Amino acid sequence: MSNAVVLQALRDGGRQPVLPFEIELPDGRWLTFAQLLRLLPGRRLAGLALWNGQNVFAKLFIGKDAVRHGERERAGLAALKSAALPTPDVYFAAPVADGGYLVLSEYLDGAVALDEQPLSADDPRPLLPAMALLGRMHAAGVVHRDLHPGNFLRHGAHLLLIDGDGVRSGALAAAQAINLALFLAQLTPDWDERRSELLQAYARPVDTAALGSAVDAARQGRLRHFLAKTVRDCSQFAVSRDLRRFAVVLREEQDELRSLLADPDAAMAGGRLLKDGGTCTVAAVRVAGRTLVVKRYNLKHWRHALSRAWRPSRAWHSWQAAHRLAFYGIATPRPLALIEERAGPLRGRAFLIAEHCPGINLLDDLDPAREPEAELQQALCSLFRTLHQLRISHGDLKATNLLWHDGEIVLIDLDALVEHRSASTFARAWRRDRARLLRNWPAGSPLAQWLQQILPGS
């Protein structure tokens, strides 16, 4: 089969290209692309291939700018090599017939990306080698415009940089500072307290005040981009819409949740009722051997329906709120899908589907006659400090909306959660949250007194 036919099939294949396939190289030999590891539909495929009898890592650019991106990949990897920075060896990099560009590099069997390893601010040591390598890269005048933990590859005792398309050489100090901020912004806010240790490993002069502002700005930019992705079709989320309905689901859950998404009312009717209120109904349902929670946002009457019709539903708000918390590393049940019933531009009932958290709520778990156990104390202090730092108010911070599970405080019922831009509006909202939490227990009790001391603000 000619390259033209193969490349067109790959462009048309969307997220499910047919494997294996073969590509003819300029010297007349053939490459067999056997296993897909990464995919950008219609633009790029990367994975395991067979070339000259050996396994290689193949990156095939197939879009209209295939040659431009392929040349940047080749040049970026060459720049890393020239700067004596560890990166896989490149065996072949050139255009292929009929519009593609192929880069073949060393296949490192058993290699693990840094973002596939457990990273915790409680123990920064696994991240220190990446910070040291980043310092070496910047010392050589090289930056990586797509700098994130996934582009650091651990193979045995070695740490390597990959993805040459984002690499640029000859970078000035200002570009290096922005690059450092971009990397640190990939980390959740609890890492900010570890920044001095990370910068010590980075081993380059840094204006820490300017860096802090740059990290905050980069993190907010990443958050805006990520939240926009949660309601559009992309590699992580699958969206379907028509005049009567909008639905988004985590792409990896799409097949397993297909019947639930098709008829959530039937699934709820066959599940276990958890709450039956006027504005929302909540049920636990079993899907493929696991328990999920489906929350339906009801419309009480025509006036209520009219007031909600032109606004994003509370399910939409909760969906994005849950992803916001997850982005920041704050525990909440994993959101799986969102459904809005629609009549053209008008919104009706809505459903939120999430994983079930089996934790015990704090109203049942905490004894007002004594302070919490040490582990729970630490988790509460960490949660409230993070929420306060990020200016996030919950809106209904009662003890039953805080679950203690697996060493974490899990936040639920996110309908009114807000991340505030204004310090004054946050201060008012935080005072309400604080007061709502404290009302769960007698004012003079040891537990309430302890909470008064550790809760930020007043």
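Place a +1 charge on the Cβ of each Lys and Arg in region 3-106 and a -1 charge on the Cβ of each Asp and Glu, then give the dipole magnitude about the Cα centre in debye, rounded to the nearest 20.
Charge dipole, region 3-106, about its Cα centre: 380 debye, nearest 20.
Just rank F33, F21, F61, fewest to most, by other beta-carbon atoms within 10 angstrom.
F21, F33, F61
Hey, which lysines would be in cross-link range of K398, C-alpha to C-alpha under 20 Å, not counting anything within fewer than 8 residues on its own chain?
K275, K295
Write down, largest first, the equivalent ellipsoid semi-axes of region 339-412 in whole Å, where each equals the square root of 5 times an eigenvalue of the alpha-carbon gyration tensor.
Calculated on Cα positions only, the semi-axes equal 32, 15, 11 Å.
Suppose the Debye formula is applied to equal point scatterers at every Cα of region 360-454; what is log10 I(q)/I(0) at q = 0.20, 0.23, 0.25 Å⁻¹?
-1.00, -1.31, -1.50
For D415, D12, which order do you get if you count the other beta carbons within 10 Å of each Cβ and list the fewest first?
Neighbour counts put them in this order, fewest first: D12, D415.
Once the Cα gyration tensor of region 82-168 is found, what semi-axes does its equivalent ellipsoid get, as square roots of 5 times the eigenvalues, in whole Å, sorted largest first?
Here the semi-axes work out to 26, 16, 12 Å.
List the aspartates and glutamates whose Cα sits under 20 Å from the Cα of K81, skipping any in the same chain fewer than 8 residues away.
Result set, ordered by chain and number: E71, E73, D89, E106, D146, D163, D165.
So what's the gap between the Cα centers of region 190-242 and region 1-34, to the nearest angstrom?
36 Å
Run through every distinct alpha carbon pair of region 1-142 and return the Kirkwood hydrodynamic radius in angstroms, one decimal place.
16.6 Å is the Kirkwood radius here.
If you rank D98, D263 by fewest surrounding Cβ atoms within 10 Å, what's the result?
Least to most surrounded, the residues fall as D263, D98.
May I ask you to list the lysines whose Cα is less than 24 Å away from that of K64, ignoring any residue fewer than eight positions away on the same chain?
Filter leaves K229.
Could you tell me the center-to-center distance, by alpha carbons, between region 426-458 and region 243-287 in angstrom?
Cα centroid of region 426-458 versus Cα centroid of region 243-287: 35 Å apart.
Counting only helical runs of four or more DSSP H residues, what would the 222 nm mean residue ellipticity of the chain come to if each run contributes -39,500 (n - 2.57) and the total is spread over all its residues?
-10500 deg cm²/dmol
Quote the convex hull volume per residue of the chain, based on C-alpha atoms, as a whole number of Å³.
Taking only Cα atoms, the chain has a hull volume of 180 Å³ per residue.
No value in this document is a laboratory result; all are computed from the given coordinates. If you're wondering where the values come from, they're calculated on a predicted model, not measured in any experiment. Virtual Cβ from ideal backbone geometry, glycine too; neighbours counted across all protein chains shown.
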